[in-house]
Amino acid sequence: MKPKITVIGSINVDLITKVNQWPKPGETMTADAFLQMHGGKGGNQAVASARLGADAVMLGCVGEDSFGQEAVDHLKNENVRVDHVGRIPGAHTGLAFITLAENDNQIIVAPGANYACTPDWIVNHEEVIAESDVILMQMEIPLPTVAKAAEIARKHGVKVILNPAPFQLIDKTLLALVDVLTPNEHEYAQLKPSLSDFTGDLIVTRGDKGVAFIKNDQEIVKPGYQVEVVDTTGAGDTFNGALAAKWAETGSLEAAIDFAIVASALSVTKSGAQGGMPTLKDIHAFTETRRTRE
Ligand code: RIB
């Protein structure tokens, strides 16, 4: 049976421009290219885990606009279950304004309907959480909702992965309900002072430098892969979706980390947050090629 991952988080439409160099404050610049793609850290992580063999359920909210319909249709086409995605009258679907330049990205999110994912809304989905193997969350929906979902998951013995992106301080009550925390190195630097009592597993992602797996004060460094980078947007989301899928399938966090490192390396080789997200077949092909080269 497929592992059941419930992703609780944002659904956005990404509006992407590409420029050669970052504009200065006050400057108007003409883009070299424009792309409209599906995104949102929640939506991305759901698609990543579905492509990698999980039974992925999305809990999130979109507006009653055409972007919302497109986003839901897209998730469905990616085999993500959308029966519990809310349609919020009068709100716009989440939008992410992304600029790509100098091998990096800048993202400004207009959350819209994502902020209608309230604690009361999540309480109404207790059954979905209770039936999951793992819930996977980020911080693009209100933090009290994330905390309430973690509380429900703990009540039902369901594992919780929290990807603390974008950065906000996390209080002790929520931290105590998290089994695996997955900050990137910037988020980790800001969170570190508040993590002294954290007893879960900590996985710090460091881009092409790989990952630090910190458990009981011991740090295991897992190297990354050198690949041709086209777009780093969504690499962290691919990592998290892959981690959740493999952890739920095997029960081994170390095996899941190794798998997720390959998945996120592949994700940066194509445009868009979801453009390069691999399937199981892509992961096997990549692993085989690397093995025969060694
Ligand atoms: O992590 C990348 C994602 O962040 C984008 O898809 C964008 O929608 C923002 O949520």
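The values are calculated or read from the model by the stated rules, or taken from the named source; none is laboratory data. All of these numbers come straight from a predicted model, not from anything done at the bench. FYI the Cβ positions are ideal-geometry reconstructions off the backbone, even for glycines, and counts take in every protein chain you see. Side chains included, ligands, DNA and RNA excluded: accessible areas come from the protein's heavy atoms. Shrake-Rupley method; radii C 1.70, N 1.55, O 1.52, S 1.80 Å.
Scan segment 125-138 for residues that are assigned to a loop (DSSP other than H, G, I, E, B) and within 16 Å of the chain's Cα centre (by Cα) and jot them down. Step through it out loud before you land on a result.
Taking segment 125-138 as the starting set, the residues that turn out to be assigned to a loop (DSSP other than H, G, I, E, B) are 125, 131-133, 138.
Answer for segment 125-138, where residues must be assigned to a loop (DSSP other than H, G, I, E, B) and within 16 Å of the chain's Cα centre (by Cα): just Gln138.
Filtering segment 13-49 down to residues that are among the small types (Gly, Ala, Ser) and more than 16 Å from the ligand (Cβ to nearest atom), which residue is nearest to Asp73 (Cα to Cα)?
Per the stated criteria, the residue is Ala33.
Tell me, please, whether a residue that is open to solvent by 60 Å² or more (accessible area, probe 1.4 Å) and closer than 20 Å to Phe97 by Cα can be found in segment 41-55.
First, the residues of segment 41-55 that are open to solvent by 60 Å² or more (accessible area, probe 1.4 Å): none.
Taking every residue of segment 41-55 in turn, none turns out to be open to solvent by 60 Å² or more (accessible area, probe 1.4 Å) and closer than 20 Å to Phe97 by Cα.
Are any of the residues in segment 203-223 of a type outside the set (Val, Ile, Thr), assigned to a helix (DSSP H, G or I) and either within 15 Å of the chain's Cα centre (by Cα) or within 16 Å of the ligand (Cβ to nearest atom) (or both)?
Among the residues of segment 203-223, at least one is of a type outside the set (Val, Ile, Thr), assigned to a helix (DSSP H, G or I) and either within 15 Å of the chain's Cα centre (by Cα) or within 16 Å of the ligand (Cβ to nearest atom) (or both), which makes the answer yes.
Given the options Val227, Val221, name the one that is among the β-branched types (Val, Ile, Thr) and free of Cβ contacts under 8 Å to residues at least 24 places away in the same chain.
Testing whether each residue is among the β-branched types (Val, Ile, Thr) and free of Cβ contacts under 8 Å to residues at least 24 places away in the same chain leaves just Val221.
For segment 245-271, what are the residues that are more than 27 Å from Leu35 (Cβ to Cβ) and either of a type outside the set (Ser, Thr, Tyr) or within 16 Å of the ligand (Cβ to nearest atom) (or both)?
Scanning segment 245-271 gives Lys246, Trp247, Ala248, Glu249, Gly251, Leu253, Glu254, Ala255, Ala256, Ile257, Asp258, Phe259.
I'd like to verify a number: residues in segment 82-123 that are in a strand (DSSP E or B) and touching a Leu at 6+ places or on another chain (Cβ under 8 Å), how many?
6
Can you confirm whether segment 259-276 contains a residue that is of a type in the set (Lys, Arg), in contact with a strand residue (DSSP E or B) (Cβ under 8 Å, 6 or more places away or on another chain) and surrounded by fewer than 23 Cβ atoms within 10 Å (Cβ to Cβ)?
no
Considering only segment 178-191, state which residues are surrounded by fewer than 20 Cβ atoms within 10 Å (Cβ to Cβ) and in a loop (DSSP other than H, G, I, E, B).
Asp179
Out of all the residues in segment 120-159, which are surrounded by 15 or more Cβ atoms within 10 Å (Cβ to Cβ) and touching a Lys or Arg at 6+ places or on another chain (Cβ under 7 Å)?
Matches in segment 120-159: Ile122, Ser132, Asp133, Val134, Gln138, Glu140.
Might you let me know whether segment 169-180 holds any residue that is under 21 Å from Ile261 (Cβ atoms), more than 18 Å from the chain's Cα centre (by Cα) and not aromatic (Phe, Trp, Tyr)?
no
Run down Met37, Met1, Met29, Met58 and say which single residue is open to solvent by 10 Å² or more (accessible area, probe 1.4 Å) and assigned to a strand (DSSP E or B).
Answer to the selection: Met37.
Only one residue in Ile108, Ile141, Ile98, Ile122 is aliphatic (A, V, I, L, M), within 14 Å of the ligand (Cβ to nearest atom), under 20 Å from the mean Cα position of the chain (by Cα) and under 23 Å from Leu181 (Cα atoms). Which one?
Unique residue meeting the criteria: Ile141.
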